[in-house]
Amino acid sequence: MHDYQGPGRATAYAENGMCATSHPFAAMAAIDTLRKGGNAVDAAVAGAVVLGFCEPAMTGLGGDVFALIHDPEAHACSALNGSGRAPAALDAAYLRDQGFETIPLDSTHGVTVPGAVDAFEKLVTQSGKLSLAEVLAPAIHCAETGVPVYHRTALDWAAFGERLRGPARKHYLDGGAPFRAGTRFASPAQAQALRLIAQNGADAFYRGEIMEDIVATLKAHGGLHSAEDFAATAATPVDPVRHNYRGHDLVELPPNAQGVTALLITAILERFDISRFAPDSAERIHLEAEATRLAYRVRNLWLGDPETVGTNTEKLLSEVLADRLAEQIDPTKAGNSNPTPAEALHRDTVYITVVDGNHLAVSLIYSIFWPFGSGLASEKFGIGLHNRGCGFSLQDGHPNMLLGGRRPLHTLIPGLLEKQGDYVMPFGVMGGPYQAAGHAHFVSNIADYDMDPQTAIDGVRSFHDVATGKLEVEARVAESTATKLSEMGHDVVRAPVGIGGAQAIRIDQSTGMLAGGSDPRKDGLVLGY
């Protein structure tokens, strides 16, 4: 329940449609799309593409997409994997021979072929009600006329604008300087690209003038990408995976996404009576940190692209494995092993969820990996290019080893929570590697503490960072709690900004009411009608 004498938000309610996302302009685009006769799929894509201009350090047309769709008529979930693949001519041996142990964040070799545009076209044409041109119209308007820069976006520009290089400096800097809060960012070059996509579909991006622009830029910076790599790009339907946590079904995408990691964390936590501890207590934070540490070790050892390497999802989600990992947790003491990743990890992405009047629900996540991706943008159209390939391992024989045509391990995971006969709730938690831990934390807030969506999002966060071995805690974690965690053996540090971000919409199956929450750690909100 919201405290109306303090800052923050209360859960929002609506009946005819709702959107929750990290920027108001994207939420408005989604609601406008619903009012124009589109369904939740149309609205989610419309809002997501707008986010690329509202938060260009986080996402854009040169990135990847994953989506979950809950169809109330079929009583089933479907999923789309819109992640791109490494160029056919590139592999780990090639980079190892050049002396690399990991793929540098600013390397052109970290640019996998962007999968977002093909995913957007498939979503709209296969599951939407409007034309692709109608869905892209709000984004074309934003790109052409510009959008005001919000405070959180300005912080990202100031912190990471120096990563921009080559043509990207022309397209994403304001006279050579980062855009400031209250200034206007426009991208007429990307508006032109979107018009081509609206007219000719994804082929304009993967086979036409836009592809030629991107490939020429990549080759000019040493990339091995080809027109054939772009032409071969295709978003693929996948079967969601799920785990029941205390009567609530958590639904995730399978590998190459890290959804099974979120499921494994919840399976480990289910072995403990979480609800007997206060939500912000050292005991709960400790258990989540330990479950995260163990589950991420499994992830780093076993997850890869199932199209090219065997990933035994059933084994990863077995009760035997969850029991064995839970037995390794001492409720009073931190473990001493830390899963050092062999690939780059990040904290940046955007998420959008939309539910329409028929209760069709979409959970969609969209990212360029590191802030401003690779730091490159195509010369003519200004398409910012992600560096998701930095998520590959260069270790010989690793399931996530870089190979031509392979998809890298992805941190992106849209989520959905169901309680049979009670509710369906699409949700997402941003924050790169935090996402799997964030999903488990959100689900625990709902299932263990009976929180409403907004309260579950607002709750204090912590994260055992696999890259550093440190336990990050937000500023609202009491100093006495941080001290107790240190005494338990954790290397505790304060997070410099709020950890991640989240949105959720809960569909009450008895009343039909929609209840939404949006994270104060971002500049977004919930809109409904």
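No lab work stands behind these numbers, since they all come straight from the coordinates. From a predicted model like this one, the values you see are computed outputs, not experimental measurements. Cβ coordinates were reconstructed from backbone atoms using ideal geometry, including for glycine residues, and neighbour counts include every protein chain displayed.
Quick notes
- Cα shape, the range 99-233, gyration tensor, a/c 1.5 rule: oblate
- For LEU412, residues with placed amide H under 5 Å, excluding near neighbours: GLN258
- Selection of trypsin sites (Lys or Arg not before Pro), the range 188-287, meeting DSSP coil and at most 10 other Cβ within 10 Å: none
- Zone of THR483's modelled label, taken as backbone nitrogen in the range 283-323 under 19 Å from a point 7 Å along Cα→Cβ: 283-286
- Ranking PRO148, GLY428, THR483 by how far each Cα lies toward the positive end of the dipole of the chain (charges on Cβ) leaves PRO148 at the top.
- From phi via Karplus (6.51, -1.76, 1.60), per-residue ³J(HN,Hα) for the range 405-413 in Hz, x at Gly/Pro: x, 8, 8, x, 4, 10, 7, 5, 8
- Whole-Hz ³J(HN,Hα) from phi, Karplus 6.51 cos²θ - 1.76 cosθ + 1.60, for the range 360-377, glycine and proline x: 5, 10, 10, 10, 9, 10, 8, 8, 10, 6, 6, x, 6, x, 7, x, 9, 9
- In sequence order, calculated HN-Hα J values of the range 481-486 (Karplus, 6.51, -1.76, 1.60; Hz; x Gly/Pro): 5, 4, 5, 5, 5, 5
- Extension reserve of the TYR94-HIS141 stretch, reckoned as 0.36 nm per residue once the Cα distance is removed: 12.6 nm
- Computed E for ALA234/ARG324 - FRET, C-beta separation, R0 41 angstrom, nearest 0.05: 0.60
- Modelled FRET efficiency - R0 35 Å, SER131 with TYR13, Cβ distances, 0.05 increments: 0.65
- Orientation-averaged projected area, Cα convex hull of the chain (nm²): 22.0
- Normalised by residue count, the range 51-133 yields a Cα convex hull volume of 146 Å³ per residue.
- The calculated 222 nm mean residue ellipticity attributable to helices in the chain amounts to -10000 deg cm²/dmol, summing -39500 (n - 2.57) over DSSP H runs of n ≥ 4 and dividing by all residues.
- Our summary gives the chain a relative contact order of 26 percent, counting only alpha carbon pairs under 8 angstrom and 6 or more residues apart.
- Long pairs among LYS219/LYS380; LYS419/LYS522; LYS170/LYS380; LYS333/LYS419; LYS333/LYS470, criterion Cα-Cα beyond 22 Å: LYS419/LYS522; LYS333/LYS419
- Taking 7 Å steps out from each Cα toward its Cβ at ARG207 and ASP71 produces label points 2.7 nm apart.
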